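Report on the structure given below.
The values are calculated or read from the model by the stated rules, or taken from the named source; none is laboratory data. Keep in mind that this is a model prediction, so the values were computed, not measured. Neighbour counts are summed over all protein chains in view; Cβ atoms, including those assigned to glycine, are modelled from backbone coordinates with ideal geometry.
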């Protein structure tokens, strides 16, 4: 995928890394064998993509990486032990690499979405998301276009001094201080 994109575009300046979530489960119901595929999907895919594109970004003196993780990095979500574990790992990886490449003009950040009106959310809860909106301090479920605008900002020159950040985009739903 990376080689095809580089060939078609002449190089990759921006990487938005996003993967679906692994199956739900808790500690008791999740077999050890289920962790490896979850880590491949949500952690190692990010590592592989960064290894593939960041060195060229460094050589050009400019690049942006934005990984979409989850608000569960700040506040683990019940029944999502695999996602909670993998996404916390990728957050640590991104923070580490961000510090290493910042001096080369490359920024690396993550976005932590809360509830957004996506096809997945509608498939689980139906068309009426008002019951979910009541759980968000803003009183609304997030608009995917607004989430995209935050990602676009992080990819712009205006965000050149933001790196290593893990930014919640959740309407204030996470209760933690960090």
Only residues that are under 20 Å from residue 95 (Cβ atoms) and not in a helix (DSSP H, G or I): list them for segment 1-53, please. 14, 15, 16, 17, 18, 19
Would you kindly identify the helices (runs of 4 or more DSSP H) lying entirely within segment 91-164 that contain at least 3 residues that are surrounded by fewer than 14 Cβ atoms within 10 Å (Cβ to Cβ) and over 17 Å from the mean Cα position of the chain (by Cα)? 119-125
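Residue-wise test of (1) within 18 Å of residue 14 (Cβ to Cβ); (2) in contact (Cβ under 8 Å) with a residue 24 or more places away in the chain; (3) in contact with a strand residue (DSSP E or B) (Cβ under 9 Å, 6 or more places away or on another chain).
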{"position": "49", "(1), (2), (3)": "yes, yes, yes"}
{"position": "53", "(1), (2), (3)": "yes, yes, yes"}
{"position": "56", "(1), (2), (3)": "yes, yes, yes"}
{"position": "77", "(1), (2), (3)": "no, no, no"}
{"position": "140", "(1), (2), (3)": "no, yes, no"}
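Yes or no, residue by residue, for (1) surrounded by fewer than 17 Cβ atoms within 10 Å (Cβ to Cβ); (2) at pLDDT 95 or above; (3) within 15 Å of the chain's Cα centre (by Cα):
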| residue | (1), (2), (3) |
| --- | --- |
| 19 | no, no, yes |
| 29 | yes, yes, no |
| 40 | yes, yes, yes |
| 43 | no, yes, yes |
| 55 | yes, yes, no |
| 64 | no, yes, yes |
| 78 | yes, no, no |
| 86 | no, yes, yes |
Which condition breaks for residue 168 when tested against (1) assigned to a loop (DSSP other than H, G, I, E, B); (2) surrounded by 18 or more Cβ atoms within 10 Å (Cβ to Cβ)? (1)
Residue pairs, Cβ under 9 Å, 6 or more apart or interchain, first in segment 7-26 and without any contact (Cβ under 8 Å) to a residue 60 or more places away in the chain, second assigned to a loop (DSSP other than H, G, I, E, B) and surrounded by fewer than 18 Cβ atoms within 10 Å (Cβ to Cβ). List them. 13/62; 24/79; 25/31; 25/79; 26/78; 26/79
